[in-house]
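FYI, it's all coordinate maths here, none of it is from the lab. Since we're looking at a predicted model, the values are computed, not measured. Here the Cβ is made from the backbone with ideal geometry for all residues, glycine too, and neighbour counts use every protein chain on show.
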Amino acid sequence: MASRSLGIARPTLYKWIKMHNLDTSLREGREQMLDLAENKLATKINDGDTTALIFFLKTQGKSRGYVEKQEIDHTITPPTAVNIISVAANQIADDIDG
């Protein structure tokens, strides 16, 4: 939105932010917007908005079982050790002949 309102490309805006050391200001602005969104969500929940309540429980209540689908841990276990024995071709021939 900022780059559009300034009439410049987004990469240009980010170069300008970096050049003027405004990374902290950008992060603080995003944190303020997050705070605002969380407050609006809390207001909706307090007002009895079922959609807001379900959203909150699905995103923040997973540890209490509020999930829409089952989550499966696909952790790979280390393979079992395999011993490989090298046998020379002439040993096999001697065993067969012998």
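Starting from the Cα-Cα distance between N39 and I76, subtract it from 0.36 nm times their residue separation and give me the gain in nm to one decimal.
So the extension gain works out to 9.3 nm.
Which links in K18/K44; K18/K58; K40/K69 stretch past 30 Å when you go from one Cα to the other?
Numbers: K18/K44 37 Å; K18/K58 36 Å; K40/K69 27 Å.
Violating the 30 Å Cα-Cα cut-off are K18/K44; K18/K58.
Roughly what % of Cα-Cα distances in the stretch 3-59 sit above 15 Å, to the whole percent?
On the way: 1022 of 1596 pairs.
Tail of P(r) above 15 Å: 64 percent of Cα pairs.
At 7 Å along the Cα-to-beta-carbon direction for both A2 and D23, put a label point, then send me their distance in nm to one decimal.
Each label point lies 7 Å from its Cα, and together they span 1.4 nm.
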